[in-house]
Amino acid sequence: MNQLFAILRNTLLQTVRQPIYGLIILVTLGSLAMSPAVTGWTLDDDNKLLRDLVLSALLLQGVFLAAFGASSVISVEIDDKTVLTVASKPVSRWLFILGKFCGVFLALLLAHYIGVLGMMMTLRHGVLQTASEKSDLTVIIAGPGVMLLVMLAAAAMNYLFDWRFLSSTVVMAAIGLSIGTVVLTFIDRKGQFRTYEITQDVPGIPENIDPEKDFKDIIIYRDLTEPGSPQKHGLLVRNEWLGPISDADREYLMELSDERAWRMNVDFLVIETRKTVTPQIAKAAILLVAVLGVLTSFAVMVSTRLSTAWTLMLTVVLLAAGLVSDYFLRPLIGSGGAWSIPAAIGYYALPNMQFFWLIDAISEDRVIPWSYLGNCFAYAGVYSLGMLGLGAALFETREVG
């Protein structure tokens, strides 16, 4: 275990200190900051395109970091003969591959974490779709403002103490953006404390409904009727932390009364809750961690035999093939033609990346259950172990002397 931890630690530090590592993270954050301006030209909801774009940026960041990170700690070390410092010791090659994978994967997790913080700030700001909307100054201060201070501090540390600029920027960005995200969690666009409630004005509720018993914590009713007033008035309230109202909960609330006004108000509330996509976007970002595991294990496996350029190219090909396998290979399996067997082999050998890409479900206002994430992580774990086993077998017969 000590040997594994030593390899992991050295690999993590080696990856983070690579200039390309910090450069890719800064490019990703820059693209996220520019996304609201780029996506404001659709004929529909611009924020849907914004969600697609920011998740794609995180995925591309993972692809490039997995390829460059794995190559720098395996392929480059083999070519430079520096791998002999470890291979000459009583360390099994399987343990060496596992340690390298864990180190690169942790470096990717750090980059992904920073990217997710930038993504959440970008989505919080949103696209300015009308002339009446104004920029969210709280996000601008907590995001680009903090990054400007971070880069100035990193430049000062580089000048005064000879710290590495990019790696220092990455570490301080993780800390600074984390603090900024915590602040934004409690502050709204107007600089006031957030209530995290979605409300719908209603002229009272049907008499046959008992809010305390019938709503089952899906929503609550807040009576605002003034004492002595014959006109009822209140609010249907949904806590944002509960996420969007699911289809099943929507049907349940609709069946509580046949009144048309009640059903319309429930529909309006459901629509508003589904505009708050942060919980679902967070799940989509978490699921991308499984993709990072698959891509990293594949890149580590390829790096035992091929150069950096080949590793990058094949990693991109694996991702692209995994995303389109359902559309090109799966129909050929049941066709019964000459391509059915090769298509079946390719389909089941490739990782199905569509399992991890949830933007379509989010666009259709679907609620993503946590059990689905668990199944996807199990699938990614098994596939990653297979790739690491194959990589260990390839490295076992690789001449490193």
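The values are calculated or read from the model by the stated rules, or taken from the named source; none is laboratory data. Everything numeric here is computed off the predicted structure, so don't read it as measured data. All Cβ positions, even for glycine, are placed from backbone atoms using ideal geometry, and neighbour counts span all protein chains on display.
Exactly one residue out of Val54, Val27 is crowded, with 23+ Cβ neighbours inside 10 Å, of a type in the set (A, V, I, L, M, F, W, C) and assigned to a helix (DSSP H, G or I): that is Val54. Of the residues making up the range 30-51, those that are part of a helix (DSSP H, G or I) and either of a type in the set (S, T, N, Q) or crowded, with 21+ Cβ neighbours inside 10 Å (or both) are Ser31, Leu32, Ser35, Pro36, Asn47, Leu50, Arg51.
For the range 273-324, the tally of residues that are of a type in the set (Val, Ile, Thr), in contact (Cβ under 8 Å) with a residue 60 or more places away in the chain and within 26 Å of Trp370 (Cα to Cα) stands at 10. Quick check, is Asp360 of a type in the set (Asp, Glu), under 17 Å from the mean Cα position of the chain (by Cα) and part of a helix (DSSP H, G or I)? Yes; evaluated as a whole, the condition is true for this residue.
Kindly check whether there is at least one residue in the range 37-45 that is at pLDDT below 95 and among the polar types (S, T, N, Q). Yes, some residue in the range 37-45 is at pLDDT below 95 and among the polar types (S, T, N, Q). Selection of the range 307-349 for residues being assigned by the TED database to the domain that holds Ala284 and not in a helix (DSSP H, G or I) yields only Ser307.
Given the structure, is Thr195 surrounded by fewer than 17 Cβ atoms within 10 Å (Cβ to Cβ), modelled with pLDDT under 90 and touching a Lys or Arg at 6+ places or on another chain (Cβ under 7 Å)?
No: the conditions fail for Thr195.
Taken across the range 136-146, residues that are of a type in the set (S, T, N, Q) and crowded, with 22+ Cβ neighbours inside 10 Å do not occur at all.
Name the residue, out of Leu329, Leu292, Leu256, Leu312, that is hydrophobic (A, V, I, L, M, F, W, C) and touching a His at 6+ places or on another chain (Cβ under 7 Å). Among Leu329, Leu292, Leu256, Leu312, only Leu292 is hydrophobic (A, V, I, L, M, F, W, C) and touching a His at 6+ places or on another chain (Cβ under 7 Å). Determine if the range 280-290 includes at least one residue that is among the charged types (D, E, K, R) and farther than 25 Å from Asn47 by Cα. No: the range 280-290 contains no residue that is among the charged types (D, E, K, R) and farther than 25 Å from Asn47 by Cα. Within the set Ser384, Ser371, the sole residue that is of a type in the set (S, T, N, Q), without any contact (Cβ under 8 Å) to a residue 24 or more places away in the chain and part of a helix (DSSP H, G or I) turns out to be Ser371.
Give me a count of the residues in the range 209-268 that are in a loop (DSSP other than H, G, I, E, B) and under 38 Å from the mean Cα position of the chain (by Cα). Steps first, answer last, please.
Filtering the range 209-268 down to residues in a loop (DSSP other than H, G, I, E, B) leaves 209-210, 215-219, 224-233, 243-246, 255-259.
Okay, now just the ones that are also under 38 Å from the mean Cα position of the chain (by Cα), so 215-219, 243-246, 255-256.
Here the count works out to 11.
The rows are residues; the columns are (1) assigned to a helix (DSSP H, G or I); (2) in the same structural domain as Trp241 (by the TED database).
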position: Met151; (1), (2): yes, no
position: Asn158; (1), (2): yes, no
position: Trp163; (1), (2): no, no
position: Leu166; (1), (2): yes, no
position: Thr169; (1), (2): yes, no
position: Met172; (1), (2): yes, no
position: Ile179; (1), (2): yes, no
position: Glu207; (1), (2): no, yes
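Quick check on the range 256-278: of everything there that is of a type in the set (Ser, Thr, Tyr) and modelled with pLDDT under 90, which residue is nearest to Gly234 (Cα to Cα)? Restricting to residues being of a type in the set (Ser, Thr, Tyr) and modelled with pLDDT under 90, the top hit is Thr273.
Residue-level check: of (1) surrounded by fewer than 16 Cβ atoms within 10 Å (Cβ to Cβ); (2) modelled with pLDDT of 95 or more; (3) farther than 17 Å from Thr296 by Cα, Gly381 misses just (3).
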